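Reading through the structure tokens given below for one structure.
The values are calculated or read from the model by the stated rules, or taken from the named source; none is laboratory data. In this text the structure is predicted, and so the values were computed from the model without any measurement. In this analysis, Cβ positions are derived from the backbone assuming ideal geometry, glycine residues included, and neighbour counts consider all displayed protein chains. What goes into the accessible areas is simple: the full protein's heavy atoms, side chains included, and nothing from ligands, DNA or RNA. Shrake-Rupley method; radii C 1.70, N 1.55, O 1.52, S 1.80 Å.
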Amino acid sequence: MNGETKVYAVIGKPVRHSLSPVMHNALFKKYGINAVYVAFEVFPEQLRDAILGVRALGIAGLNVTMPHKEKIIEYLDKVSPDSKAISSVNTVINSNGELIGYTTDGTGARKALERFTNVEGSRVLILGAGGAGKAIAYELAKYSDVVVLNRTPEKARALEKFGIKGDALTMENLSYYIEWADILINATSVGMGKYESLVPKELLREGLVVMDIVYKPIKTKLLKDAEKAGCLTVDGLWMLVYQGAESFKLWTGIHPDVELMRRVALEGLRKGK
Ligand code: ATR
């Protein structure tokens, strides 16, 4: 590090267990980029000041996580059409003082899926219409038929403006739409840190692709049940890696080494335990 070192950061609360610093620092090293990536814990009431700080200090780029993804929009100069549509920013580029917001949650999930299966023209069932569910549904609906089931049905139905069918997360709907789907995605927090799943294992069948956005534990109950049923599975760490890779591409123009990102993220996960 020297006087020219650029600074990138993730802002959020909590943020101490973020795997983004290890992934991006490994990439800066690999590509010989004079930059460092750090984590800043920012309370909601300090977000405005934090963004003023980004401008004043010339921080080169940000990742944005809970709880700031929506609120940050009003402090930026521009946002991408995708960010505007879903009111969410997880990546900021500082372009000569102009702060521009993007979202890579949806593209990250799509690229993770595309690593293992064909997405275009498929039928996708997403459980959850929170921030992550919405971003994934909006992106996949550009390529596939998407249905979203949510515990609070109004949040799922609000996605109908994007051509996405939304309904209540009932056992009847779950069983009907899993039968219909080629790809099932858990975009709720169910399974995080707990051995539980929203999907009765009897509903899983060979040939179904099952993705979980939860990555702690890396093999959730849903993914274990899916593996046993003969499904192809995609874990949440792949989504984390690919959303990070998309951010890195926005900052540097480089398509990064996702295997390296996964390796260091896995190591980070193990150490965090
Ligand atoms: P994120 O940004 O990670 O998506 P979020 O916006 O808080 O987080 O969304 C969490 C999602 O998990 C929501 O879809 C939530 O359902 P509600 O909209 O009904 O709250 C879903 N979720 C959380 N716990 C759940 C549970 N026990 N059963 C079903 N859905 C659950």
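Among the residues of region 177-201, write down those that are among the aromatic types (Phe, Trp, Tyr) and either under 16 Å from residue 153 (Cα atoms) or within 12 Å of the ligand (Cβ to nearest atom) (or both). Can you show your working first?
Going residue by residue through region 177-201, those that are among the aromatic types (Phe, Trp, Tyr) are 177, 180, 195.
The one that is among the aromatic types (Phe, Trp, Tyr) and either under 16 Å from residue 153 (Cα atoms) or within 12 Å of the ligand (Cβ to nearest atom) (or both): 177.
Taking helices (runs of 4 or more DSSP H) that fall entirely within region 207-273, which contain at least 3 residues that are open to solvent by 50 Å² or more (accessible area, probe 1.4 Å) and not hydroxyl-bearing (Ser, Thr, Tyr)?
Numbers: elements: 221-228, 236-252, 258-272.
Correct list: 221-228, 258-272.
Would it be correct to say that residue 176 is open to solvent by 30 Å² or more (accessible area, probe 1.4 Å) and under 30 Å from residue 271 (Cα atoms)?
Details: open to solvent by 30 Å² or more (accessible area, probe 1.4 Å): yes; under 30 Å from residue 271 (Cα atoms): no.
Here the answer is no, as residue 176 does not meet what is asked.
What are the residues in region 35-49 that are of a type outside the set (Asp, Glu), open to solvent by 30 Å² or more (accessible area, probe 1.4 Å) and more than 25 Å from residue 261 (Cα to Cα), if any?
Those that are of a type outside the set (Asp, Glu), open to solvent by 30 Å² or more (accessible area, probe 1.4 Å) and more than 25 Å from residue 261 (Cα to Cα): 43, 44, 46, 48.
What is the residue count in region 114-135 for residues that are surrounded by 20 or more Cβ atoms within 10 Å (Cβ to Cβ), touching a strand residue (DSSP E or B) at 6+ places or on another chain (Cβ under 6 Å) and not small (Gly, Ala, Ser)?
Residues meeting the conditions: 4.
Please go through region 14-34 and pick out each residue that is within 20 Å of residue 240 (Cβ to Cβ), open to solvent by less than 70 Å² (accessible area, probe 1.4 Å) and in contact with a helix residue (DSSP H, G or I) (Cβ under 7 Å, 6 or more places away or on another chain).
Selection gives 19, 20, 22, 23, 24, 26, 27.
If you go through region 223-256, how many residues are touching a residue at least 12 places away in the same chain (Cβ under 8 Å) and more than 18 Å from the chain's Cα centre (by Cα)?
Here is the first cut: in region 223-256, the ones touching a residue at least 12 places away in the same chain (Cβ under 8 Å) are 223, 225-226, 228-248, 250-252, 254, 256.
Right, trim to more than 18 Å from the chain's Cα centre (by Cα) and you get 225-226, 228-232, 252, 254.
Selection size over region 223-256: 9.
Find all pairs meeting these conditions: Cβ atoms under 6 angstrom apart; at least six residues apart or on different chains; first residue within region 97-125 and under 18 Å from residue 162 (Cα atoms); second residue open to solvent by 60 Å² or more (accessible area, probe 1.4 Å) and of a type in the set (A, V, I, L, M, F, W, C).
Pairs that qualify, where the first residue is under 18 Å from residue 162 (Cα atoms) and the partner is open to solvent by 60 Å² or more (accessible area, probe 1.4 Å) and of a type in the set (A, V, I, L, M, F, W, C): there are none.
Six or more apart or on different chains, Cβ under 7 Å: which pairs go from a residue in region 137-148 that's under 9 Å from residue 165 (Cα atoms) to one that's in a loop (DSSP other than H, G, I, E, B)? Could you list them?
Filtered contacts from region 137-148: 146/164; 148/129; 148/164.
Output the residues belonging to region 159-170 that are open to solvent by 10 Å² or more (accessible area, probe 1.4 Å), within 12 Å of the ligand (Cβ to nearest atom) and in contact (Cβ under 8 Å) with a residue 24 or more places away in the chain. Give the steps one after another, and end with the answer.
Narrowing region 159-170 to residues open to solvent by 10 Å² or more (accessible area, probe 1.4 Å): 160-163, 165, 167-170.
Of the ones still in play, those that are also within 12 Å of the ligand (Cβ to nearest atom) are 168-170.
Across region 159-170, the qualifying residue is only 169.
If we scan region 150-158, do we find a residue that is assigned to a loop (DSSP other than H, G, I, E, B), within 12 Å of the ligand (Cβ to nearest atom), among the β-branched types (Val, Ile, Thr) and without any contact (Cβ under 8 Å) to a residue 60 or more places away in the chain?
Yes, that holds for at least one residue.
Kindly indicate whether residue 95 is surrounded by 14 or more Cβ atoms within 10 Å (Cβ to Cβ), under 30 Å from residue 252 (Cα atoms) and more than 16 Å from the ligand (Cβ to nearest atom). Don't jump to the end; show me each part of the working.
Details: surrounded by 14 or more Cβ atoms within 10 Å (Cβ to Cβ): no; under 30 Å from residue 252 (Cα atoms): yes; more than 16 Å from the ligand (Cβ to nearest atom): yes.
Spelling it out, it is not the case that residue 95 is surrounded by 14 or more Cβ atoms within 10 Å (Cβ to Cβ), under 30 Å from residue 252 (Cα atoms) and more than 16 Å from the ligand (Cβ to nearest atom).
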